[in-house]
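A quick write-up on the structure given underneath.
The values are calculated or read from the model by the stated rules, or taken from the named source; none is laboratory data. Quantities reported herein were computed from a predicted structural model and do not represent experimental measurements. Counting neighbours? That spans all protein chains shown, and the Cβs are built from the backbone with ideal geometry, glycine included.
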Number of protein chains: 2
Amino acid sequence: MTVVGRARNSQGNGPASQQDMRRRNLSVVLGAVAAHNPLTRPLSRADVAVRVGLTRAAVSSLVDELIGRGALTEAETAPDGRVGRPGRALSVRDQGPAGLGLEIGVTHLAACVVDLRGEPRVWRRVERANAGRPAGEVLAATAELAAAAEAEARGLGLSVEGRVLAVPGVVPNEPAGRVERAPNLGWHTVGVADHWPDPDTAPEPENEANLGALAEYWNAEQAVETFVHVSADAGIGAALVIDGQVFRGARGFAGELGHIPVHPDGIRCACGARGCLEQYAGQAAVLREAGLTPPCPGPAGSVAAGDPAAGDPVALLAERAGAGHAPTLAALDRAGRALGLALASAVELIDPDGLVLGGTYAELAEWLLPSVRAELAERVTVRPWAPAALRPSALGRRGPVLGAAQTTIRRIMADPTLLPVG
Amino acid sequence: MTVVGRARNSQGNGPASQQDMRRRNLSVVLGAVAAHNPLTRPLSRADVAVRVGLTRAAVSSLVDELIGRGALTEAETAPDGRVGRPGRALSVRDQGPAGLGLEIGVTHLAACVVDLRGEPRVWRRVERANAGRPAGEVLAATAELAAAAEAEARGLGLSVEGRVLAVPGVVPNEPAGRVERAPNLGWHTVGVADHWPDPDTAPEPENEANLGALAEYWNAEQAVETFVHVSADAGIGAALVIDGQVFRGARGFAGELGHIPVHPDGIRCACGARGCLEQYAGQAAVLREAGLTPPCPGPAGSVAAGDPAAGDPVALLAERAGAGHAPTLAALDRAGRALGLALASAVELIDPDGLVLGGTYAELAEWLLPSVRAELAERVTVRPWAPAALRPSALGRRGPVLGAAQTTIRRIMADPTLLPVG
């Protein structure tokens with residue numbers, strides 16, 4: 001059964017309680033141990049007390065509880081020749097609690113299991129054409145992949161405590177567990193648990209752009225706290241990360257960058273409006289403008305990511321652009337200009353510290369960045385804007401499934417009482 | 001001396017303490033008393049204990065502290081013929097702690113004092129042309145107005161605990177107390193305290209759009225939690241309210257709606273870019289398009305708000321539109337279309353529950369709303385969007401100065417320990 005579900009808000013507006021305090025301090029202690037690099041030197045309970053500003057007695061009680069819940073482990077340190085009694089070293093466990101991330105893409109399924117340190121331990125990816133197929137069938141295939149990934153994780157001593165599924169669609173805030181609309185899959189109002197073999201292990205769906213953005217934030221070398229993450233695949237999505245949290249909007253629809261009007265009287269979009277960004281910078285639009293028509297993937301998984309010969313359209317664009325193919329270069333320049341226009345609106349409205357080009361855009365960044373930067377430089381003039389604030393994602397297409405897996409770990413770190421007492 | 005300064009973050013990432021708990025519970029109790037309508041029936045300590053879910057002993061201790069800090073008062077209730085001992089009724093004081101709001105507009109200065117219940121008790125407004133005049137001179141005049149408003153408040157038994165100044169410009173998150181840029185005043189990098197006669201009473205500057213939005217949120221009959229508030233005066237600003245808080249952006253520049261590119265190859269803007277919203281929906285653009293040229297206000301305050309004969313440009317537009325003047329109607333329609341385009345981008349990105357037309361737009365709403373609604377209906381198609389989610393502000397031009405005054409009160413409500421012990 002899934003222990004770690006959607007965020008429990010332990011703050012709220014009610015009075016503060018001793019339990020709230022305990023929960024927060026468990027989180028503070030677990031965070032302090034996680035932030036320590038175990039390769040530098042052992043971390044003792046006394047060290048933790050100094051770092052977090054609680055008494056040694058309080059920290060010891062919190063550490064005992066975290067060990068009991070399977071989050072921490074405490075080992076005898078090897079004698080190192082120094083004077084004094086042998087120490088004991090705390091670390092976050094690399095066995096036990098884990099998070100499963102799943103992803104349904106237009107042409108693939110993916111799974112990832114991370115341990116409590118956030119480290120990926122299991123990666124699986126299956127190329128598979130999912131567009132236009134019944135949601136139940138796609139979810140059944142995803143459940144098979146999930147079961148295989150969990151079995152592999154069990155073999156590593158990991159126990160999955162929460163499951164999150166990245167989907168290229170809109171997941172409203174309410175009701176939970178439902179994909180409202182995933183146009184590139186052809187889904188409308190799909191309840192994930194309704195199609196999952198065992199409802200107890202049904203994953204919680206989340207928009208892939210949001211998860212990609214969180215992965216970027218959680219795994220970046222130097223994270224900025226407030227940024228816009230563009231997540232292109234077949235469509236264009238974006239996520240707003242504000243102070244390290246995804247802002248989902250009043251109903252969960254925030255970040256629909258693909259339907260920003262960049263040319264108000266321009267090309268008619270499938271959504272009914274004119275001049276949406278997706279008509280200039282979406283994958284289909286760029287391929288069309290470049291005069292390229294990759295073979296349609298068959299239903300049995302004939303497209304492999306990163307292989308232009310096997311019909312991966314992004315790899316094809318990168319290959320042609322790299323070879324100096326003029327129509328492809330012009331198409332990417334036009335896409336970059338349109339993307340720059342839409343991002344200028346985002347910068348004016350949101351004032352982010354950074355803009356990240358993620359998903360498939362990360363693989364095309366070499367050709368997109370110059371025109372996006374040029375457009376931003378022309379448009380964003382009433383506030384300081386550094387060209388370096390726009391950068392490609394280091395995670396690219398792997399972001400969403402990694403973010404899905406790490407979501408469970410982040411919830412546990414914020415509230416270790418989500419873990420059962422051992 | 002100003003007791004209530006910029007937000008103290010009592011949450012942070014450190015461990016939770018007993019003091020944090022006490023502070024939060026003081027706030028919860030004060031909030032419960034403030035939420036009670038004293039006209040219905042007296043509110044006792046026991047009633048509060050039931051409402052907030054704390055023990056009667058805990059509530060009594062918290063109430064004693066709130067009385068000591070001058071936030072609450074407890075009166076003997078008049079005998080009402082019921083059996084039992086006479087009760088005692090708690091209420092938020094209408095004397096004592098107060099907040100001063102100030103505003104510098106392009107053609108006026110304003111001041112407002114609110115009591116701890118949030119009720120305005122002093123209103124002052126002076127018509128005065130401020131554009132292009134030295135910041136020091138404008139701030140000296142503002143300080144005079146502030147002193148007069150505080151003197152009037154003292155006569156009512158009110159004691160100003162915090163001062164906030166609404167300015168039509170960008171106020172960065174850091175450093176505090178500085179207006180970075182107020183183009184319609186001609187200000188660049190103005191430190192308010194540097195020009196204030198007594199630095200101890202220097203107000204904290206804040207963007208007027210942000211304060212107008214907060215006023216809307218705090219005073220609305222039925223507030224939505226997440227909305228975009230457009231605040232037009234000489235320029236066009238906007239504020240994003242997210243879960244009841246203004247989102248200021250990474251540096252304090254969020255909400256620059258006036259520079260959203262609505263026609264990428266359109267009219268050149270003063271900012272250097274092309275096709276900014278302000279070139280289509282700004283006051284100067286609408287007047288130009290309508291063929292109207294109101295007399296320029298002289299330096300000695302010749303323009304009175306709401307008086308078209310005295311040169312108030314918004315009143316002039318409303319008068320002409322009301323009289324069916326075709327060029328004015330066409331100019332407002334064009335402005336509404338452009339505003340609708342920019343707001344469509346905001347809706348796609350932010351997914352707000354509502355859009356509010358504030359500032360001078362509130363007075364022109366009758367003529368703007370139809371074209372803004374039409375544009376939104378055409379553009380926002382991938383999410384549900386109700387026409388009624390767009391509405392004019394009830395506060396209009398009074399919003400920012402009211403929000404400035406209430407800011408201090410909201411801070412006290414969130415942390416009553418900001419008040420000195422009596």
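Within the bounds of segment A:82-104, is there any residue that is assigned to a loop (DSSP other than H, G, I, E, B) and closer than 25 Å to residue A:396 by Cα?
Taking segment A:82-104 as the starting set, the residues that turn out to be assigned to a loop (DSSP other than H, G, I, E, B) are A:82-87, A:93-95.
Within this subset, residues satisfying the condition of being closer than 25 Å to residue A:396 by Cα are none.
No - not one qualifying residue is present in segment A:82-104.
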For this session: Please give the number of the condition residue B:401 fails out of (1) out of contact with any helix residue (DSSP H, G or I) (no Cβ under 7 Å at 6 or more places or on another chain); (2) within 24 Å of residue B:263 (Cα to Cα).
Result: (2)
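Criterion first (over 30 Å from residue A:43 (Cβ atoms), of a type outside the set (Ser, Thr, Tyr) and modelled with pLDDT of 95 or more) does residue A:127 satisfy it? Step through it out loud before you land on a result.
Numbers: over 30 Å from residue A:43 (Cβ atoms): yes; of a type outside the set (Ser, Thr, Tyr): yes; modelled with pLDDT of 95 or more: no.
Taking the combined requirement at face value, the residue does not satisfy it.
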For this session: Just name the residue that is farthest from residue B:180 (Cα to Cα) out of those in segment B:211-228 that are away from every other protein chain (no Cβ under 12 Å) and of a type in the set (S, T, N, Q).
Result: B:222
For this session: Can you work out which of the residues in segment A:262-294 that are touching a Gly at 6+ places or on another chain (Cβ under 7 Å) and more than 19 Å from residue A:371 (Cβ to Cβ) is farthest from the other protein chains (Cβ to nearest Cβ)?
Result: A:294
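Do you know which residues across segment A:118-149 are assigned to a loop (DSSP other than H, G, I, E, B) and of a type outside the set (Asp, Glu)? Steps first, answer last, please.
Filtering segment A:118-149 for residues assigned to a loop (DSSP other than H, G, I, E, B) gives A:118-119, A:128-134.
A:118, A:128, A:129, A:130, A:131, A:132, A:133, A:134, listed by residue number.
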Exercise. Which residues, counting only those in segment B:229-242, are more than 8 Å from chain A (Cβ to nearest Cβ), modelled with pLDDT of 90 or more and either over 13 Å from the mean Cα position of the chain (by Cα) or surrounded by fewer than 19 Cβ atoms within 10 Å (Cβ to Cβ) (or both)?
Worked result: B:236
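Rundown of residues vs (1) within 30 Å of residue B:238 (Cα to Cα); (2) at pLDDT 95 or above, yes/no style:
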site	(1), (2)
B:77	no, no
B:83	no, no
B:88	no, no
B:138	yes, yes
B:144	yes, yes
B:151	no, yes
B:156	no, yes
Problem set entry | Failed item, numbered, when residue B:166 is tested on (1) at positive phi; (2) in contact with a Leu (Cβ under 6 Å, 6 or more places away or on another chain) | (1)
Exercise. What about residue A:27, is it modelled with pLDDT of 85 or more, over 33 Å from the mean Cα position of the chain (by Cα) and small (Gly, Ala, Ser)?
Worked result: no
For this session: Output the residue which, of all residues in segment A:172-193 that are part of a loop (DSSP other than H, G, I, E, B) and away from every other protein chain (no Cβ under 14 Å), is farthest from residue A:117 (Cα to Cα).
Result: A:186
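Given the criterion without any contact (Cβ under 8 Å) to a residue 60 or more places away in the chain and touching a Lys or Arg at 6+ places or on another chain (Cβ under 6 Å), identify the matching residue among A:239, A:254.
Numbers: A:239 fails: touching a Lys or Arg at 6+ places or on another chain (Cβ under 6 Å).
None of the other options fit; the residue is A:254.
From the list A:59, A:50, pick out the single residue that is buried (at least 20 other Cβ atoms within 10 Å of the Cβ) and within 14 Å of chain B (Cβ to nearest Cβ). First the steps, then the outcome.
Values: A:50 fails: buried (at least 20 other Cβ atoms within 10 Å of the Cβ).
Checking each option against the conditions leaves just A:59.
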Exercise. If you check every pair at least six apart or on different chains, which have Cβ atoms under 6 Å apart with a residue in segment B:365-384 that is within 18 Å of residue A:270 (Cβ to Cβ) first and a residue that is part of a helix (DSSP H, G or I) second?
Worked result: B:379/B:344; B:380/B:344; B:380/B:347; B:382/A:259
Exercise. Does any residue in segment B:21-49 that is in a helix (DSSP H, G or I) come within less than 7 Å, Cβ to Cβ, of a residue that is of a type in the set (S, T, N, Q) six or more places away or on a different chain, and which pairs are these?
Worked result: B:23/B:10; B:23/B:417; B:26/B:417; B:33/B:91; B:45/B:60; B:49/B:55
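Check B:384, B:327 and return the single one that is away from every other protein chain (no Cβ under 14 Å) and of a type outside the set (Val, Ile, Thr). Step through it out loud before you land on a result.
Working: B:384 fails: away from every other protein chain (no Cβ under 14 Å).
Of B:384, B:327, the one residue that is away from every other protein chain (no Cβ under 14 Å) and of a type outside the set (Val, Ile, Thr) is B:327.
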For this session: Look through segment A:323-362, keep the residues that are of a type in the set (S, T, N, Q) and either under 28 Å from residue A:246 (Cβ atoms) or out of contact with any helix residue (DSSP H, G or I) (no Cβ under 9 Å at 6 or more places or on another chain) (or both), and return whichever of them is modelled with the highest pLDDT.
Result: A:345
For this session: Go through the residues of segment B:176-190 one by one and say whether even a single one is under 11 Å from residue B:103 (Cα atoms) and under 19 Å from the mean Cα position of the chain (by Cα).
Result: no
Exercise. Are any residues in segment B:369-378 among the aliphatic types (A, V, I, L, M) and within 13 Å of chain A (Cβ to nearest Cβ), and if so, which ones?
Worked result: B:374, B:376, B:377
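Do any helices (runs of 4 or more DSSP H) lying entirely in segment B:305-417 carry at least 2 residues that are outside the structural domain of residue B:274 (by TED's automatic domain parsing) and out of contact with any Phe, Trp or Tyr (no Cβ under 6 Å at 6 or more places or on another chain), and which ones are they?
B:399-414
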Exercise. What are the residues in segment A:85-126 that are surrounded by fewer than 20 Cβ atoms within 10 Å (Cβ to Cβ) and more than 30 Å from residue A:48 (Cα to Cα), if any?
Worked result: A:123, A:124, A:125, A:126
Seminar exercise, completed: Considering segment A:340-368, residues that are more than 8 Å from every other protein chain (Cβ to nearest Cβ) and in contact with a Gly (Cβ under 7 Å, 6 or more places away or on another chain), and then whichever is nearest to residue A:313 (Cα to Cα), we arrive at A:363
Problem set entry | Subset of segment A:158-171 [farther than 20 Å from residue A:411 by Cβ and either more than 14 Å from chain B (Cβ to nearest Cβ) or in contact (Cβ under 8 Å) with a residue 40 or more places away in the chain (or both)] | A:168, A:170
